[in-house]
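One structure is given below, encoded as structure tokens.
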Amino acid sequence: MNAPARPGASPVFATLGCRLNAYETEAMTRLAAEAGLGGDVVVVNTCAVTAEAVRKARQEIRRLSRENPGARVVVTGCAAQIEPETFAAMPEVAHVLGNAEKMAPASWARLSADTADTPRIMVDDIMSVRETASHLIDGFGTRARAYVQVQNGCDHRCTFCIIPYGRGNSRSVPAGVVVEQVARLVDRGFAEVVLTGVDMTSWGADLPGQPRLGDLVRRLLRLVPGLARLRISSIDSIEADPALMEAIASEPRLMPHLHLSLQHGDDLILKRMKRRHLRDDAIRFCQEVRRLRPDIALGADIIAGFPTETEAAFGNSLALVEECGLSFLHVFPFSPRKGTPAARMPQLPGTEIRARAARLRAAGAAALARHLDAAVGTSAAVLTESPDMGRTPQFTPVRLPGGGAPVGAILDLAITGHDGTRLIAAN
Ligand code: SF4
């Protein structure tokens, strides 16, 4: 039994990676408290989406171990699930928990017991997991918006992606549990909820009657009338269902912002990625949602420097930014993930990958500037995230006038300018 690093305090949690990890950290905070874990425990919830993410996880473990001498470091999340031995080999690490184990009360009870036979590695085959572990959370730290998990895992096998090996196959949270969770957060004062998962558009495929994501959105808005703003984290445009398109067109409480998992703008590369859409499908989808919801803002993930990408193929990704009318671009320099097919393909030189990522980011910055220019002179309902920062329904960041706004409030503000990355508001 370790001497408590911070007697009476609760464990330190550090979260890397996606919104789903952020949601799960909230649930783990509760599980750890219920198991009676205290200040002698540090939990690092890791990400494995790129090699850089795994490097950052190790760095964070070392930093937190230094800052909390004597504490037991527990590593969990996708990097822990995919390469548990790597983390178990670190002298700073006491235990490694898999992605299913981190959501199981029994794991935390074992950590709390901390006996000689508490295993160092508690990581099972994630592909055998069939259910989502539904934990109702009561809050989300001091944040203005709360993330709610509706789906986990993925049945697709895009050639560059390691996520299914960390998260397992797709499984959905039943609609009733999602409604109860969102209602609970609204009761606790949250004005905005973000539905999150790994492959959101596959929600419902494993549920009776196979409802679709659009059905869930409509049901939520109907059954939780107090929810002011509903947001969807990220979708695969080719799998957007008719009910979702209908909701985008007609539900003002569904925020006019979608983040699309596009990944590339060239058909041959999309095929080599094993994506389910072609460039014209992406362009058509963006035109259609803009026809249905003219004030919508679109963002997208795009990979630069995928193996075998020619200058012409890269040019098709650059052109996609304007052809889809994207406003927010997340650019990922290709990072080979061991065990994925793309890691075995002929790689581009690192310098070329970085140069193309920089060109794509420049195109993204120009697209954002166009989006910001168009908003100047309008007014917006801004959800405050901090005393001086908030976001519009389009998820556009806004610098608030005069500071001091309560976090989580929705303010109607005039947009008077921008600084190239954020809008500037006046009272
Ligand atoms: S859809 Fe493709 S990119 Fe997305 S999580 Fe699944 S395998 Fe990865």
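Assorted remarks:
- Members of the stretch 162-185 found to be within 8 Å of the ligand (Cβ to nearest atom) and touching a strand residue (DSSP E or B) at 6+ places or on another chain (Cβ under 7 Å), listed by number: ARG167
- Looking only at residues in the stretch 148-161 that are more than 8 Å from the ligand (Cβ to nearest atom) and part of a loop (DSSP other than H, G, I, E, B), the one that is farthest from THR25 (Cα to Cα) is THR159.
- Filter result for the condition that a residue is under 22 Å from VAL198 (Cβ atoms) and surrounded by fewer than 21 Cβ atoms within 10 Å (Cβ to Cβ), over ILE283, ILE232, ILE238: ILE238
- Restricting attention to the stretch 137-160, the residues being open to solvent by 40 Å² or more (accessible area, probe 1.4 Å) and at positive phi number 1.
- For the stretch 252-274, the count of residues that are out of contact with any helix residue (DSSP H, G or I) (no Cβ under 9 Å at 6 or more places or on another chain), closer than 30 Å to ALA409 by Cβ, away from the ligand (no atom under 16 Å from the Cβ) and among the hydrophobic types (A, V, I, L, M, F, W, C) is at least one.
- Looking only at the stretch 316-347, residues that are open to solvent by 10 Å² or more (accessible area, probe 1.4 Å) and in contact with a Phe, Trp or Tyr (Cβ under 6 Å, 6 or more places away or on another chain) come to 1 in all.
- For beta carbons closer than 9 Å, sequence separation of 6+ or different chains, a first residue in the stretch 397-409 that is over 15 Å from VAL376 (Cα atoms) and a second that is open to solvent by less than 20 Å² (accessible area, probe 1.4 Å) and part of a loop (DSSP other than H, G, I, E, B), the qualifying pairs are VAL407/ALA144; GLY408/ALA144; GLY408/ALA191; ALA409/ALA144; ALA409/ALA191.
- Conditions (1) modelled with pLDDT of 95 or more; (2) within 21 Å of the chain's Cα centre (by Cα); number of the one not met by HIS95: (2)
- Test: residue in the stretch 161-169 that is open to solvent by 20 Å² or more (accessible area, probe 1.4 Å) and over 18 Å from the mean Cα position of the chain (by Cα): no
Every residue, every condition in (1) in a strand (DSSP E or B); (2) out of contact with any Phe, Trp or Tyr (no Cβ under 8 Å at 6 or more places or on another chain); (3) closer than 26 Å to ILE353 by Cα, yes or no:
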residue: LEU268; (1), (2), (3): no, yes, yes
residue: LYS271; (1), (2), (3): no, yes, yes
residue: ASP280; (1), (2), (3): no, yes, yes
residue: PHE285; (1), (2), (3): no, yes, no
residue: VAL289; (1), (2), (3): no, yes, no
residue: ASP295; (1), (2), (3): no, yes, no
residue: ASP301; (1), (2), (3): yes, no, yes
residue: PHE314; (1), (2), (3): no, yes, yes
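- Taken over the stretch 113-136, residues that are buried (at least 17 other Cβ atoms within 10 Å of the Cβ) and in a helix (DSSP H, G or I) amount to 1.
- The stretch 241-252: number of residues that are touching a residue at least 24 places away in the same chain (Cβ under 8 Å) and open to solvent by 60 Å² or more (accessible area, probe 1.4 Å): 2
- Of all residues in the stretch 390-410 being at pLDDT below 90 and in contact with a Leu (Cβ under 8 Å, 6 or more places away or on another chain), the one that is farthest from PHE140 (Cα to Cα): PRO401
- Residue-level analysis places LEU221 outside the set of residues that are more than 16 Å from the ligand (Cβ to nearest atom), in a helix (DSSP H, G or I) and either at pLDDT below 95 or crowded, with 19+ Cβ neighbours inside 10 Å (or both).
- Residue pairs whose Cβ atoms lie under 8 Å apart, sitting 6 or more positions apart in sequence or on different chains, and linking a residue in the stretch 190-217 that is closer than 27 Å to ARG391 by Cα and open to solvent by 10 Å² or more (accessible area, probe 1.4 Å) to a partner that is among the polar types (S, T, N, Q) and part of a strand (DSSP E or B), are GLY197/GLN149; GLY197/GLN151; GLY197/ASN152; VAL198/GLN151; VAL198/ASN152; ASP199/GLN151.
- Pairs with Cβ under 8 Å, 6+ apart, first in the stretch 143-170 and among the small types (Gly, Ala, Ser), second within 8 Å of the ligand (Cβ to nearest atom) and part of a loop (DSSP other than H, G, I, E, B): GLY153/VAL198; GLY153/ASP199; SER170/CYS154; SER170/ASP155; SER170/VAL198; SER170/ASP199
- Every residue from the stretch 293-304 that is open to solvent by less than 40 Å² (accessible area, probe 1.4 Å) and either away from the ligand (no atom under 16 Å from the Cβ) or of a type in the set (Lys, Arg) (or both): ARG293, ILE296, ALA297, LEU298
The values are calculated or read from the model by the stated rules, or taken from the named source; none is laboratory data. Here the structure is a predicted model, which means the values were calculated and not measured. Note that each Cβ is placed from the backbone with ideal geometry, even for glycine, and that neighbours are counted across all protein chains shown. Heavy atoms of the whole protein, side chains included, go into the accessibility calculation; ligands, DNA and RNA do not. Shrake-Rupley method; radii C 1.70, N 1.55, O 1.52, S 1.80 Å.
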